[in-house]
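What follows is calculated from the coordinates using simple rules that are stated; it is not laboratory data. Model, not experiment: these values are computed from the prediction. Positions of Cβ are generated from backbone atoms using ideal geometry, with glycine treated the same way; all protein chains shown enter the neighbour counts.
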Amino acid sequence: MTIAIQPNIDKALLPILETVSDPEIPVLTVLDLGVIREAIELEGIVQIKLTPTYSGCPAMDVIGDDLAKAFSEIGKETNIQLVLAPAWTTDWISKAGKLKMEAYGIAAPLEETADKDALLGNAKIIKCTNCGSTNTHLVSQFGSTACKALFKCDDCQEPFDYFKCLK
């Protein structure tokens, strides 16, 4: 079981942070995704600690640039630092983020055991984001990005991504 880490975020910075989206899943903000570990202002500079969803995630550079741009538009300088520990987990995705993900057409991550069963073809438990059926099957361990798997619904025949559980 992963222990949730509460981020240290200055409430005054929330309105700007809420404008920065994940470039791979644009309906999710960086707050929905849970990648902001700290955002505080010290001596006029916004200090942001950003945890990648996985090592080498190409979206982190874009997110860092987008954060810097969002704060520069209100005249604030930023210092953005990638923080690798503790490692990000899908537990850090907010409930609202998981709902947004589902509405966008990406099945939200399951619990670790269920995830393994689904990805190994041992259980049909991934719900189709189009029709809601669990009569689905794994097409590929990798979907549109490495953190997603590609599934297909056997009822409505639609393909969809599933965001893999990372612990």
Original post:
Out of these labelled values of percent of Cα pairs over 21 Å apart, (i) 49; (ii) 60; (iii) 39, which was calculated from the coordinates shown here?
Top reply: (i)
Original post:
If you place +1 on the Cβ of every Lys and Arg, -1 on the Cβ of every Asp and Glu, and leave all else neutral, what size is the dipole of the chain about its Cα centre, to the nearest 20 Debye?
Top reply: 380
Original post:
Out of residues 5 or more away from Ala39 or on other chains, whose amide H comes under 5 Å of its own, with H placed 1.01 Å from N in the peptide plane?
Top reply: Asn8, Ile9, Asp10, Lys49
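Loop only per DSSP, at most 14 neighbouring Cβ atoms within 10 Å: give me the chymotrypsin sites (Phe, Trp or Tyr not before Pro) in segment 112-167, ordered by residue number.
Answer in residue order: Phe142.
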Original post:
Put +1 on the Cβ of each Lys and Arg and -1 on the Cβ of each Asp and Glu in the chain; which of Leu14, Ile106, Gly44 then has its Cα farthest toward the positive end of the dipole?
Top reply: Ile106
Subject >> Amide H within-cut-off set for Ala107, under 5 Å, with H built and near neighbours excluded >> reply: Asp161, Tyr162, Phe163
**OP:** Determine ³J(HN,Hα), in whole Hz, for all residues of segment 31-36 in sequence, where each value follows from phi through the Karplus function 6.51 cos²θ - 1.76 cosθ + 1.60 and θ = phi - 60°; x replaces Gly and Pro.
**Re:** 6, 4, 6, x, 8, 8
**OP:** From zero up to wherever the largest Cα-Cα distance of segment 8-92 sits, split into 5 Å bins and tell me the percent of pairs in each.
**Re:** 3, 15, 30, 29, 16, 6, 1
**OP:** Please tell me which of these pairs span more than 30 angstrom C-alpha to C-alpha: Lys49/Lys100; Lys76/Lys167; Lys49/Lys95; Lys100/Lys124; Lys69/Lys152; Lys11/Lys148?
**Re:** Lys76/Lys167; Lys69/Lys152; Lys11/Lys148
Original post:
So what's the gap between the Cα centers of segment 1-59 and segment 122-167, to the nearest angstrom?
Top reply: 27
**OP:** Sort by residue number and name the cysteines in the chain that have no neighbouring cysteine Cβ under 4.7 Å.
**Re:** Cys57, Cys147, Cys165
